[in-house]
Every structure is written in C-alpha cells, then in structure tokens.
1. Sort the following peptides by mean Cβ neighbour count (other Cβ atoms within 10 Å, averaged over residues), highest first: 112-118, 282-288, 140-146, 163-169.
2. Tally Lys/Arg at +1 and Asp/Glu at -1 over every other residue whose Cβ is under 12 Å from the Cβ of residue 204; what's the total?
3. Checking the table 54/132; 44/87; 87/146 against a 31 Å threshold on Cα-Cα, which pairs fail?
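Here, each number is a calculation from the coordinates, and none is a lab measurement. No experiment lies behind these values; they were computed from the predicted model shown. So basically every Cβ, Gly included, is an ideal-geometry build from the backbone, and we count neighbours across all protein chains shown.
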Amino acid sequence: MSGKTKIIALILLAVGLVFMAMAFLSGQKVQKSSQAVKTEVERKPVVVSSVAIKFGEPIKADQVRIDKFAIAPEGTFKSVEEVLGKKALFNIPAGSPITKSFFEAGAVAQEVREGYRAFAVKLDDNNVTTDKIKAGDFVDVFSMFKSNNTEVKQTVSRMVLPKLRVLAVGDQLVNTPDAAQDTNNPNDPNNRNKPQKRAITVEVPVAEVNTIAVAQNEGSLYLVIRNPDDLAMPDTSKYPAPTTVLQPVKQKVATVKGIKMEPIPDSELTDEDRAYAGTSLGDVVLPGSQKKEEKKQTVRAAASSSTVEVIRGGEVSRERAK
C-alpha cells in the first residue's frame, strides 16, 4: 500500500470516528429529552389552594389551582371541578394541597377559633338525636331545669346556646371515617355493650363556657341538629342580660361635682373577663333574674329598716316608723 493510500484510509477512519461520536452524543440528547418528557408526563396533577380558605365557605375557582407533583399526597384531588362548592371543615392554608382530610378528618385543638373553647358535652340515650350527630354538624343546645323551690322556682326549658359547631363525637375527631359509621353493632342488636353516655365536643364562645357548664351540671342538656345554612339567631338584646357573680371593682370617675367611685361598665368587660367572673344558676335558667332578686332583697331590707317593733299586751308586731 502506497503512502498516499494510507493517508486517505486514515482520513476516512477519522471521519468515521467523528460521525460515530456525533451519533452517540445525539442519541444521548434524545434519550435525555425523552426521559424529561416521560418524567413530566408521570408527574401527578394536584389541586392546591391559591389563597387561605376559611372553613364553612364554598370553595371558588379563583381560590384553587393545579400543580404537578412527582408523588401526590394521599387523598388529593386531580381536577378543580372536584372541589368547587365544597365546604371544608377546617381552615386551608394558602399553597396547601387540598386533600379529603380537610373535609373528613382533623384534630380538634388547632381548629378551635380564637375566642372559642372546646367543651365536652355528655349526653345519655334519652337524647334521641345523639346517635345522628356527626362531627362538623351544627347544633342548638337546650336545657331542662327542674324546679327545686330555691334557685329554680319553676321548671324551665329553653335554648341555652345557639348554633355551636361539633368538633368531635366520642373518641373520634372531627369527621374521621370511624366517626361517620353507625354506632349500632349488628352482632349486638340489643346494644348491651353500647355506652350509656357519649361525649360530644362543641365549640363554645369563651364568655359562654360557664353557661353551658352550669346547664350541664344542674340541668338536662339536649342537642338539636340544625341546618348549617340556617342563619337565624335569637336577638338577645330583647331580653335581660345576665350578671356576673364577681362584680368589677369600683374605679374613680370624674364628674362635674368631683371624683366619685363607680363600677366598671359591663361594656368594658372582655369575654375572658366574663368567663373569669362566673355565672350563677339563676342567671343561666333565667338571665337577669339574679339582678331582680337583688332588687327585691334591697326593697325588703329598706322596708325592714323603716319599721319598728311594737309590744302590746305581750304580743310583738312591726309597724312603719312615723
């Protein structure tokens, strides 16, 4: 083989190696591109909250969006249409994947709103609606107070607190799957093993915790299920207001005649103040009755101080002083 022929062969070999290298690199790019496309296709669509969503409010289209996740959290929704109009039982933070747990499960303490407290109500089987109450429901609380001729002059039944949110039923937290199941056991048709009392946790304004506590201890509580969309509430301004057991201390008030001592006005008491000051049984049964009783006692005391004791012939009587 001549020198010229060897040079041409080497050139052809070099060109072939270059083409082989180019083909290899091109194949690598195609493979990476294909893998990227495959990875993107495999990412799961997940409905995510665009803004913070309050519980009880219907979810709107502008509050949610679709994000892609390599691994979708359990119980997520794939399309926006699946969550539109739904009402969450709990607040949904902005940017959170919306899962079924927001509608079916959750913890109690973190869901208690500011200014409220979680209160456990114990109900017996006489309350026929007890077995129908589920976490997330709204209830009105009624109480029956039987006459005892002392604090309760006559038997009274009335609504103690309206529209309380049920946070938990029994040992189950708000709307866990177990909480949604029927408590009747088919293997125990007579419910011999069924507990006689069930604890139902409701969300109560802090100022009213004393009210429901006294009503539970001194009366018979009944929970009445109501429609969550029913906005009707009693107008308490039409009726006497209850007084606190502990009365606020007097404070100095400037008047045109000088400085005098007056009690702190009720309007300046916070809900926490009222809870601390306490509520009497009389004011739970009939709000304002304690104030009326105090007025009667004041009148009796005034009447008693304006009479004198007269003894006539061994008989003692009281007569108005002249």
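1. Output ranking for 112-118, 282-288, 140-146, 163-169: 163-169, 282-288, 140-146, 112-118.
2. +1
3. In this structure, 87/146 exceed 31 Å between Cα atoms.
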